[in-house]
Every structure is written in C-alpha cells, then in structure tokens.
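Beneath this line is the structure, given in structure tokens, with notes to follow.
The values are calculated or read from the model by the stated rules, or taken from the named source; none is laboratory data. On a predicted model such as this, the values are computed, not experimentally measured, just so you know. A quick note on method: Cβ atoms are made from the backbone with ideal geometry, for glycine too, and the neighbour counts reach across all protein chains shown. SASA here: full protein model, heavy atoms, side chains in, ligands and nucleic acids out. Shrake-Rupley method; radii C 1.70, N 1.55, O 1.52, S 1.80 Å.
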Amino acid sequence: LDAQQKKSLLEDQLTEMPDYIQAAEKNNLLVVELDSVSKLDDQDKYIARSELVGEDGAKRLAELDMQHAVFQTKLDSYLVSRDELLTSNSLSEQDKKLQIAQLREKSFDSIQLRRVEALERIHDQSR
C-alpha cells in the first residue's frame, strides 16, 4: 500500500471507532501539526496556528511562547550563576547548597521550584 492508501484505510477505520478515540486522534493530529509549525518564523507561525486553532488559540499560543522564552532566559541565567557557585573553591559544600537554594528562591516563583529542581538535574546529567 502507498501512503495515500494507508491514510485512507486509517481514516475509514477511525470512523468506526468510538467518539472518544476519534477525538483523541484528532487532537493528536493537531498537536503534530502545531509542532511542525513551531519551527517557522513568528509571523508565519502565527498565520499557520490561526488556520489550525483560530485567532484566539493562536494568540494564546503566542503568549505561551513568550512566557516560555522569558522562563528559559531566567533559567539559563540562573544555571550560569548556579554553575559558578558549584565550581567556587571559596565556599564549603554547605554554603554552596545554601546559596544555590537562596538563588533559586530569589530567581523563581514558588510554583516553579520543583520544575527548576528537575531541570537542574537534567542540566547536571548533560554535563
């Protein structure tokens, strides 16, 4: 079977599935399409998202992009400062832990702390 035949067969089988499975598949396809447009420049991304999820949805996604960029900038800056503390020879291990905890709490909202700690572990593993 070629790609078009496989797609047609899948669509035929999907119409026989319960509504919740059809809705899940539709959402999955939407996520895949949204992910594929995420690599476009801002204007093209906005236009493509508007076509997929409407104007309001595209605005919300653009706001999420901005929030993510702000968080990523804060995280990157924090990780640099944290790495400097970790490599400091003038601090004891206890002082390093204390200063890192203070830096973390100063840099992020309390609801973000668990996320940041998880991202720290990922960062440390990738070194």
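Tabulated results
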{"quantity": "The range 79-95 residues that are on the phi > 0 side of the Ramachandran plot, paired with ones that are open to solvent by 60 Å² or more (accessible area, probe 1.4 Å) and at pLDDT 95 or above (beta carbon under 6 Å, 6 or more apart)", "calculated": "none"}
{"quantity": "Matching residues, the range 88-105, being over 26 Å from Val70 (Cα atoms) and either open to solvent by 70 Å² or more (accessible area, probe 1.4 Å) or of a type in the set (Ser, Thr, Tyr) (or both)", "calculated": "Ser88, Asn89, Ser90, Ser92, Glu93, Gln94"}
{"quantity": "Scan of the range 16-40 for residues that are without any contact (Cβ under 8 Å) to a residue 12 or more places away in the chain and either charged (D, E, K, R) or open to solvent by 100 Å² or more (accessible area, probe 1.4 Å) (or both), ordered by number", "calculated": "Glu16, Asp19, Tyr20, Glu25, Lys26, Asp35, Lys39"}
{"quantity": "Test: residue in the range 54-67 that is loosely packed, with under 12 Cβ neighbours inside 10 Å, of a type in the set (S, T, N, Q) and modelled with pLDDT of 90 or more", "calculated": "yes"}
{"quantity": "Qualifying residue in the range 106-113 (condition: among the small types (Gly, Ala, Ser) and loosely packed, with under 14 Cβ neighbours inside 10 Å)", "calculated": "yes"}
{"quantity": "Test: Glu11 is touching a helix residue (DSSP H, G or I) at 6+ places or on another chain (Cβ under 9 Å) and in a helix (DSSP H, G or I)", "calculated": "no"}
{"quantity": "Number of the condition not met by Leu30 [criteria: (1) under 22 Å from Leu119 (Cβ atoms); (2) assigned to a helix (DSSP H, G or I)]", "calculated": "(1)"}
